[in-house]
Amino acid sequence: MNIMFSPPASTRRGPVLALSLTLAAMLGTAALPASAQTPTLRFDPGAAALVPGQLLTLEIVLADRPDAVPVGFFDLDIVFNPAVLRFEGLAPSSALGDIAAGQAVNASLPPDLLNGLLNLSVLSLLPDLAMQAASPVLGQLRFGAIGLGDGEVSFGFTALEGLDGTAIGHERLDAAVSVVPEPGAAWLLAAGLLALAALRRTPTA
């Protein structure tokens, strides 16, 4: 007599169920809402070409924040090239509350101008920041161009938190800043070099 063993239905459904759950998870991941985007901490404008003596204003913006979780605290280190850019000023915005009115605390550290290091840190004392903009401006930087070359302004250490102290994940984009000679100065330099080359080629008697 042949005896055939038939596994329980629950056992037979195991691989099929596992496959169904895997497909569902993949579809669910593909259909994630836009709120799964990572906010981006960036400078505005993101690039600038200056001539010596020109001023540059950069805004620090937290963009691409579809879930609009209010920022209750931030601590940002900003690095620049002091041989190319001269620091003119740094001011926090009122995105976390009016500092002068006691709605927020400016906890920024003094700038280290010799090494080109700035710090901007603000803590909100407000119980609710529901009216905070979707892409808030956290502060504003001002520089003057003093030397030729690459004056990139970049983020060092950065921390963002909600009102409840929960860390806000984010990406970072630096600002590409360059200081180039004025067009007139460049022409004069080129003409001088050509004249010098011509003198060197002139035969002597």
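Pop out the ³J(HN,Hα) list for region 156-161 in order, Karplus 6.51 cos²θ - 1.76 cosθ + 1.60 with θ = phi - 60°, rounded to Hz; leave Gly and Pro as x.
Result, rounded to whole Hz: x, 5, 9, 9, 10, 9.
Would you please put 84-96, 153-165 in order of how densely packed they are, using the mean number of other Cβ atoms within 10 angstrom per residue and starting with the highest? Mind showing how you got there, number by number?
Values: 84-96: 18.0, 153-165: 15.0.
With the highest mean Cβ count within 10 Å placed first, the list reads 84-96, 153-165.
Two-decimal Rg/Rh of region 40-186 from alpha-carbon positions, Kirkwood Rh?
Taking Rh as the inverse mean 1/r over Cα pairs, Rg/Rh reads 1.02.
When the Karplus curve 6.51 cos²θ - 1.76 cosθ + 1.60 is applied with θ = phi - 60°, which whole-Hz ³J(HN,Hα) does each residue of region 66-76 get, with x for Gly and Pro?
x, 6, 6, 5, x, 8, x, 7, 8, 9, 10
What size of dipole, in debye to the nearest 20, comes out for region 40-186 about its Cα centre when the only charges are +1 on Lys and Arg C-beta atoms and -1 on Asp and Glu C-beta atoms?
Using Cβ point charges on Lys, Arg, Asp and Glu, region 40-186 gives about 260 debye.
List, in order, the whole-Hz ³J(HN,Hα) value for each residue of region 132-147 obtained from phi through the Karplus relation with A = 6.51, B = -1.76, C = 1.60 and θ = phi - 60°; use x for Gly and Pro.
Per residue, the Karplus-derived 3J(HN,Hα) values read 5, 4, 5, 10, x, 8, 8, x, 9, 10, 10, 10, x, 7, 10, x Hz.
Would you mind computing, in nm to one decimal, how far apart the modelled labels at residue 172 and residue 115 are, each placed 7 Å from Cα along Cα→Cβ?
Placing both labels 7 Å beyond Cα along the Cβ direction yields 1.5 nm.
Calculate, in nm to one decimal, what residue 88 and residue 107 gain on full extension: separation in residues at 0.36 nm each, minus their alpha carbon distance.
Answer, rounded to one decimal: 4.9 nm.
In the neighborhood of residue 124, defined by Cβ-to-Cβ distances under 11 Å, what is the net charge if each Lys or Arg adds +1 and each Asp or Glu adds -1?
The answer is -3.
Within the set of other residues whose C-beta is less than 10 Å from the C-beta of residue 168, count the net charge using Lys and Arg as +1 and Asp and Glu as -1.
-1
Separation between the residue 100 and residue 140 pseudo-spin-labels, each 7 Å from Cα along Cα→Cβ, expressed in nm?
1.3 nm
Amide H of residue 50: which non-local residues (sequence gap of 5 or more, or other chain) have their own amide H closer than 5 Å, using H built in the peptide plane?
Long-range HN contacts for residue 50: 178, 179, 180.
Values in this text are rule-based calculations from the coordinates and carry no lab data. Just so you know, these numbers come straight off a predicted model, no measurement behind them. Counting neighbours? That spans all protein chains shown, and the Cβs are built from the backbone with ideal geometry, glycine included.
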